[in-house]
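Input: a single structure, listed below in structure tokens.
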Amino acid sequence: MCNRYKAPSRPEEEITLDTIKKLPKMYFTNITGGEPFIRQDLSSIVQELYKKSDRIVISTNGFFTDRIINLAKEFPQVGIRISIEGLQKTNDEIRGLPDGFNRGYETLKRLVEMKHPDVGFGMTVQDRNASDLVPLYKLSNELGMEFATASLHNSFYFVEAKNIIHDRPMVAQNFEDLVNELLKSSEPKKWFRAYFNHGLINYIYGQPRLLPCDMAFDTFFIDPYGDVMPCNGTKDKEVMGNLNRQSWDELWHSTRADVVREKVRHCSRNCWMIGSVSPAMHRFIWKPATWVLRHKLRLGKKYDMHELQSVRDYEDGKATKEQLDACSTCDMDAAASDGLSEASREDAHIFETSEVLKSKD
Ligand code: SF4
């Protein structure tokens, strides 16, 4: 689902503390990868970011248990989200990391044992792991953890253009079950998560976003080269400016940044990832709040995915699989963009060639 591991950035070219110091004040920061814990200076990065950001969450595969525990001890407020793609067999198959589930799970358990306050799972739902969705949610509940979901996306960031959900009704049914579990909870935060997952069903049916996308207006994504972009969901890099070479103000108020903002206004990718949805849910809070109220007050079964027209149309044969596929960002003929610099691409090519040779041995 993500080929970034085949196309890593060259370490010497990666973002430095000097560039990080130029970032503006932020209300929330997510550090992601690749794998953030590969960076030996992650602790210094987090320290610098805490001067700018009230809340920091790190997304990780959970493999480097000791590094994660040490960082959590040093920064007791930092959020840790461990990507687990299903129960053991499914997770290890999807991630291709032998013993990955056990390592991730062990890290989670140790964080819970040390009573780290902000710990959770992150799961990218697809055909292969959809049936593990509710069991994993229940496991996260037992451990008193957050449970974050996503579905397949295509972009330069994932170095992937061919991700697609094949059996939409089956995957959507698992999301529907999760939405009902979340709505049963007494925690309001989970009711809003239910809305987010309702939006994921809408997304996998290829429909326009339930909420507008405001990326590049109050939110941004910065990559290892210091390139600032609206998000990580575009097909190719849409660069607003470069923080290695520019000041934040110069970059943010540039004509180039405005051109990219105009593109966001007409973006048809319709992603539904928490990075772009969470700000929209805050901004248009009445929409999810009305949805939550309507469903909480409903007697009997709280949520049925058939409230979405696209789900009904597909079931009634008014929309075909091919039509829905065409609404997605999947392009079977496209070569995925990788967003790498020339030097990094050369290294990635050498890596890939050596992997092919190893597999032939
Ligand atoms: S919909 Fe928003 S988050 Fe997705 S690619 Fe377009 S601008 Fe980025």
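The values are calculated or read from the model by the stated rules, or taken from the named source; none is laboratory data. Because the structure is a prediction, the values reported are computed rather than measured. Every residue, glycine as well, gets a Cβ built from its backbone with ideal geometry; the counts of neighbours run over all protein chains shown.
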Odd one out for Thr124, checked against (1) touching a residue at least 60 places away in the same chain (Cβ under 8 Å); (2) assigned to a loop (DSSP other than H, G, I, E, B): (2)
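How about region 115-128: which of its residues are in contact with a helix residue (DSSP H, G or I) (Cβ under 8 Å, 6 or more places away or on another chain) and closer than 20 Å to Arg55 by Cα? Break it down into steps so the answer makes sense when it comes.
Initially, region 115-128 is screened for residues in contact with a helix residue (DSSP H, G or I) (Cβ under 8 Å, 6 or more places away or on another chain), giving 116, 119-121, 123, 125-128.
Of everything in region 115-128, those that are in contact with a helix residue (DSSP H, G or I) (Cβ under 8 Å, 6 or more places away or on another chain) and closer than 20 Å to Arg55 by Cα turn out to be His116, Val119, Gly120, Phe121.
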Residues (under 16 Å from Arg261 (Cβ atoms), away from the ligand (no atom under 11 Å from the Cβ) and in contact with an Asp or Glu (Cβ under 9 Å, 6 or more places away or on another chain)) located in region 221-242: Lys237, Val239, Met240, Gly241
Given the options Leu324, Leu357, name the one that is outside any loop (DSSP other than H, G, I, E, B) and either modelled with pLDDT of 95 or more or of a type in the set (Val, Ile, Thr) (or both). Leu324
For Thr90, which of the numbered conditions (1) buried (at least 18 other Cβ atoms within 10 Å of the Cβ); (2) assigned to a loop (DSSP other than H, G, I, E, B) fails to hold? (2)
If Thr329 satisfies all but one of (1) within 16 Å of the ligand (Cβ to nearest atom); (2) over 21 Å from Gly233 (Cβ atoms), what's the number of the condition it fails? (2)
Looking at Asp218, is it more than 30 Å from Leu324 (Cβ to Cβ), within 15 Å of the ligand (Cβ to nearest atom) and touching a Pro at 6+ places or on another chain (Cβ under 7 Å)? yes
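Quick check on region 295-313. Is at least one of its residues part of a helix (DSSP H, G or I) and loosely packed, with under 13 Cβ neighbours inside 10 Å?
So in region 295-313, the residues part of a helix (DSSP H, G or I) come out as 295-296, 305-307, 309-313.
Narrowing the set further to residues that are loosely packed, with under 13 Cβ neighbours inside 10 Å leaves 306.
Yes: one or more hits.
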From Phe37, Phe63, which residue is under 23 Å from Asn3 (Cβ atoms), without any contact (Cβ under 8 Å) to a residue 40 or more places away in the chain and of a type in the set (Phe, Trp, Tyr)? Phe37
Any residue in region 144-160 that's within 18 Å of Phe192 (Cβ to Cβ): show its pairings with residues that are of a type in the set (Asp, Glu) at Cβ separation under 9 Å, as long as the two are six or more apart or on different chains. Glu146/Asp118
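Output the residues belonging to region 148-175 that are of a type in the set (Phe, Trp, Tyr), in a loop (DSSP other than H, G, I, E, B) and farther than 19 Å from Asn61 by Cα.
Going through region 148-175, the residues of a type in the set (Phe, Trp, Tyr) turn out to be 156-158, 175.
Next, only the ones that are in a loop (DSSP other than H, G, I, E, B) stay: 156-158.
Phe156, the sole residue that qualifies.
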How do the pairs read when you match residues in region 265-283 that are closer than 16 Å to Phe220 by Cβ and assigned to a helix (DSSP H, G or I) with residues anywhere that are of a type in the set (S, T, N, Q) and within 8 Å of the ligand (Cβ to nearest atom), using Cβ under 8 Å and keeping only pairs 6 or more apart or on different chains? Gly275/Asn232
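Working carefully through the options Arg298, Arg261, Arg312, find the one that is within 16 Å of the ligand (Cβ to nearest atom) and not aliphatic (A, V, I, L, M).
Working: Arg298 fails: within 16 Å of the ligand (Cβ to nearest atom); Arg312 fails: within 16 Å of the ligand (Cβ to nearest atom).
After ruling out the rest, the residue left standing is Arg261.
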